[in-house]
C-alpha cells in the first residue's frame, strides 16, 4: 500500500505565515459500488472521487474563541486563499467559550496502530466488490422461495490527513463498507403475501465468509415475517440482540456523554448512577475494525479507550479540544467530524464538518449470561426483538421506540412463534430513580458482536413497554 | 448559522463542484464521478468510464427514450438570502433566540438558519442541455425546558425554495408557542397505548403520505417486485374523498425541482385519485420496464450520489371536514402532533410514524397533553379506515429530508391537513 495522500500538508504549505492556531483536515476518497436487482447487476459505480479539506482558524475575541471554518475542494493557491478569507470572516462572528485551546502537536506515538484497512479491498476494490456480490448471490442458491430482491455493496477507500499550526502532520488510510440486502420470501401453497428481511450494515471490511450462515438467518426471518402473529401488549421482558442495540444505544450515549451536552447543561451528571451495579461501558477509539476507530481523532489527538460508565456510574465524558478548554479538561481524543443525519457521510465526507465531541465505538463488555439460547432461558414470557423499523433514539431525552418488524415470542425459556407489528420503546439513560434500559438490565450475554458503532452481547431487559394488538403477556419477570 | 445558549457558529458549506458521467454498457448503467471541474479530473473520470465500457459486452440499447429538455430555470427570489448578509442573518437568529428564551424554564435553545444556492446542469447525447438554480432556505428552532431534573424539547422548522420571505414563517408568536410547547411537555401525561382512533396533524399526515404510502409508489420497487402496492394499481385503496399526489412543480416547494437528474421536467403525479391507486413514480428505466412515462422523479443527492426514483413534494389533498368535526367524529382517541420521523416498509406495507407530542381525545373533545408516541399498523388498513380529512385552511407542506438506504439525503416536502383514521399507538 502506498503512503496515504498528504493533502492536508500540501494545503498547510500554502498557508504561508498564517497566524495560528489553525488546523487542516483533508480527505481523498474513492468509492466503488455494485447494485443488484434480484440476481442481476443493474448498476456499477466508481471510482467516485472526492478530494477536499476543511480549514479551521481559532481567534481570540473578547475572552472567547472565534472559530473560523471553511471547507473546499480546491487545493490550489487561489482556492486555499479563498478558504482562508472566508474562515477569517466567519471567525469574527463566531463565539465559543474557550480561552486558550491547545491543538495537539507532534506525531502520534508509534505502536498505537488500529486495524481499519481491508487490504484486499484496498488493492483491488472493483474485483473485491464483484467477488463479494458473487458470494452473496451464491449464498442464496438452492433456497426455494427466497430471493435477494435488491442489494448493494459500497466500498469507500479514504486517505485522511491532518496538519496544524502546532506542527502536527499525520496521515492514515481506512476503508468503509456499506452493505444492504433485502431478502424476500414468497410462494408456497397458502397464498400468503411475501415477507421481507431488510439487512443493512456499515463496517470496515468485506468478509464473505459468514454470508452462507447470514443468508440462512435472513431467509428464515423473511419467511417468519409472512406468518408472524400479533405482538403482545403491556410491560414485557425483552431480549435485544446486538443488531437492534446498535440502532439504539450509541446515539444516546454519544450525546449524553459528550462535552457539548455538558457545556449546555444537558446530558448525564458526573458520578451519577445510570446503570446497574457492575456495569462498565467504554468508548473505544482503537477497536480493530470499529467504524469510529482511527489512530488519531479528527483533530489529531491520539485515540484511546474512554471509560464512560464504571460500576454503573458516570465515569468519563467525551472531549474535543475546544470543549476541553471551555470546561477545564483535556481532550479525550473524541473530536469527530460526524453527522447525525447521514451515516455514510460520517465516514467519508468529514472534511465538510467541524469537529465536535463524539463517541467512536461503544463497547458493552461480555457478561455471564452465556449464549443467546441461555439468555432466552431466563425468560418465562417475553419477546425477542430481531428488528425494529427505526428505533430513532433521541440523545436529549434518551428515548427510543419503533415498530417491531420481526420478533419472536419467548415462552418458558424457548423461542416460540414469530411476532410482528406494534411498537417497543423506552429510555436508554434516565435520571436517578427513573427506569431505563441500562438500569433494568437483567442479563448480559457472553458473546459480544461488533455491529456499526456498537460492540455488545445480547441483553435481557427486565421490562419495556410494548404496544401490540395481541393479548397481554404475563408480567412476571425472572 | 447556528446559535445556541453557549455558542454561535457560522460557516459556509464547501463549494462542492463536480461531475458524474453515466453510460449504458449494453447490459447496465456504469457511472464515474469526480469532484472539481479541472480538465485533469474530468479526463480521468472519462477515461475510467471508457475503460469500464470497453470491458463490457455489447447488448441492448439503453432503456427508454432519453430526455431532450433544453432551457435555463432559476428560483430567482425577489429578496435573495445573500442580500441579508451575515450581519442581517445574525440579527434574525439572535432575535428568534431571544423570543424562545424569554419563556420561563427554557434553559437551552438552538436556532439554525441555512440557505444554499444549488446549481445543476444536465446534458446528454440526445441533446438535453438544461440548467437550474435552486435557492433553498431552511430554518429551525429547538427550545429545551428543564425543571426538577426533567428536560423536554419542542421543535419547529420551515423550508422552501425562495429567499428572505421564508423567514416570515417564524414569527415571535410562533417562537413563543414552540417554547411554551416544550415547557408544557414537562407535565405531559403518558400517551395511551393500543388500537384507537388517531387524528393526524398536517405534518404527520404528510409524513404518512411520504413514508408510509409514497415509498411504495416508487417504481424501482415495482421492478424489483418489492412493493405491496404494485398488485393494487387501478384498484380502490381508500375512501372516495382521498387523493394523494407527488408534485415537484409546486412553486417554492421545499422538494420542488425544475427538472430531474435524467433531464425530465418535474410534474404533478396523482398517486391516489378519489380513493383509487392510479400511478407510480418513474425514472426512464422503470417507465420502460412497466410501459409508463418518466414522471420527473429521478434525483441524486449530489454528483456523488446515485440516481434513484425519489419523491418531491408528497401530500394528501384537503377534504371538507372542519377540525372540530373530526375531533367530534373521533370521539375517543388521540391527536398526534409534531411529527418526528417515519419509516417505510415497501414490501410489507407496515408503517411507523413518530410524533413528539399529542393530546387525548375524550368524548369528542381535545383534552390532556401527552408525550411522544409512535404509530404503527398496516398502511392499507389505515387507508381503509380513513373517516375524514380537514379542509384546505389547515393545509401545510412541511420541510423534511429523505434518505434511501444509507444516506443519499434529499429535501422533500410532506404535506396535508388533519386526517382521521385508526391505528396502533405505542411508546416512542
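The values are calculated or read from the model by the stated rules, or taken from the named source; none is laboratory data. Fair warning: this is a prediction, and the values are worked out from it, not measured in the lab. Cβ: placed from backbone, ideal geometry, glycine included. Neighbour counts: every protein chain shown.
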_Residue count, region B:320-345 (criterion: crowded, with 24+ Cβ neighbours inside 10 Å and in a loop (DSSP other than H, G, I, E, B))_ = 1
*Can you find a residue in region B:286-297 that is within 18 Å of residue B:238 (Cβ to Cβ) and more than 17 Å from the chain's Cα centre (by Cα)?*
no
*Of these, A:101, A:193, which one is surrounded by fewer than 16 Cβ atoms within 10 Å (Cβ to Cβ) and either at pLDDT 95 or above or not in a strand (DSSP E or B) (or both)?*
A:193
_Lone unmet requirement of (1) farther than 24 Å from residue B:256 by Cα; (2) in contact (Cβ under 8 Å) with a residue 12 or more places away in the chain for residue B:367_ = (2)
*Please determine, by comparing only the residues of region A:370-393 that are part of a loop (DSSP other than H, G, I, E, B) and buried (at least 22 other Cβ atoms within 10 Å of the Cβ), which one is farthest from the chain's Cα centre (by Cα).*
A:379
*Return yes or no: is residue A:72 at the interface with another protein chain (Cβ under 7 Å from one of its Cβ atoms), surrounded by 20 or more Cβ atoms within 10 Å (Cβ to Cβ), more than 30 Å from residue A:327 (Cβ to Cβ) and in contact with a helix residue (DSSP H, G or I) (Cβ under 9 Å, 6 or more places away or on another chain)?*
yes
_Which numbered condition residue B:68 misses (of (1) under 15 Å from residue A:45 (Cα atoms); (2) assigned to a loop (DSSP other than H, G, I, E, B); (3) at pLDDT 95 or above)_ = (1)
*Scan region A:123-163 for residues that are under 27 Å from the mean Cα position of the chain (by Cα) and either in a loop (DSSP other than H, G, I, E, B) or closer than 30 Å to residue A:101 by Cα (or both) and jot them down.*
A:124, A:139, A:158, A:159, A:160, A:161, A:162, A:163
*Here are some residues: A:63, A:20. Which one is more than 12 Å from chain B (Cβ to nearest Cβ), surrounded by fewer than 18 Cβ atoms within 10 Å (Cβ to Cβ) and on the phi > 0 side of the Ramachandran plot?*
A:63
_All strands (runs of 3 or more DSSP E) inside region B:1-50 with 3 or more residues being within 7 Å of chain A (Cβ to nearest Cβ)_ = B:29-35
*Given the conditions (1) under 29 Å from the mean Cα position of the chain (by Cα); (2) within 24 Å of residue B:155 (Cα to Cα), and given that residue B:102 satisfies all but one, which numbered condition is not satisfied?*
(1)
_Looking only at region B:72-101, how many residues end up being surrounded by fewer than 17 Cβ atoms within 10 Å (Cβ to Cβ) and away from chain A (no Cβ under 14 Å)?_
9
*Of these, A:290, A:267, A:278, which one is at positive phi and buried (at least 18 other Cβ atoms within 10 Å of the Cβ)?*
A:267
*Give the residues of region B:288-306 that are surrounded by fewer than 22 Cβ atoms within 10 Å (Cβ to Cβ), touching a residue at least 12 places away in the same chain (Cβ under 8 Å) and closer than 15 Å to residue B:266 by Cβ, sorted by residue number.*
B:300
_For region A:188-217, give me each residue that is out of contact with any helix residue (DSSP H, G or I) (no Cβ under 7 Å at 6 or more places or on another chain), within 24 Å of residue A:128 (Cα to Cα) and within 14 Å of chain B (Cβ to nearest Cβ)._
A:198, A:200, A:201, A:203
*What is the number of the single condition among (1) crowded, with 24+ Cβ neighbours inside 10 Å; (2) more than 14 Å from every other protein chain (Cβ to nearest Cβ); (3) closer than 30 Å to residue B:252 by Cβ that residue B:351 does not meet?*
(2)
*Of the numbered conditions (1) surrounded by fewer than 24 Cβ atoms within 10 Å (Cβ to Cβ); (2) within 11 Å of chain A (Cβ to nearest Cβ); (3) at negative phi, residue B:157 fails exactly one; give the number of that condition.*
(2)
*Residues of region A:394-422 being within 10 Å of chain B (Cβ to nearest Cβ), within 16 Å of residue A:195 (Cα to Cα) and part of a strand (DSSP E or B), which ones?*
A:403, A:404, A:405, A:406, A:420
_Failed condition for residue A:56, given (1) within 14 Å of chain B (Cβ to nearest Cβ); (2) surrounded by fewer than 22 Cβ atoms within 10 Å (Cβ to Cβ); (3) part of a strand (DSSP E or B)_ = (2)
*Could you tell me whether any residue of region A:351-368 is within 26 Å of residue A:227 (Cα to Cα), out of contact with any helix residue (DSSP H, G or I) (no Cβ under 7 Å at 6 or more places or on another chain), modelled with pLDDT of 95 or more and surrounded by 24 or more Cβ atoms within 10 Å (Cβ to Cβ)?*
no
_Residue count, region B:136-185 (criterion: in contact with a helix residue (DSSP H, G or I) (Cβ under 7 Å, 6 or more places away or on another chain) and within 30 Å of residue B:72 (Cβ to Cβ))_ = 7
*asked:* Residue under question is residue A:135, and the condition is that it be surrounded by 15 or more Cβ atoms within 10 Å (Cβ to Cβ), within 14 Å of another protein chain (Cβ to nearest Cβ) and in contact with a helix residue (DSSP H, G or I) (Cβ under 8 Å, 6 or more places away or on another chain); does it hold?
replied: no
*Filter region B:380-406 for residues that are surrounded by 23 or more Cβ atoms within 10 Å (Cβ to Cβ) and not in a strand (DSSP E or B) and give the result.*
B:382
*Would you point out which residue out of A:189, A:193 is farther than 30 Å from residue B:33 by Cα and touching a residue at least 12 places away in the same chain (Cβ under 8 Å)?*
A:193
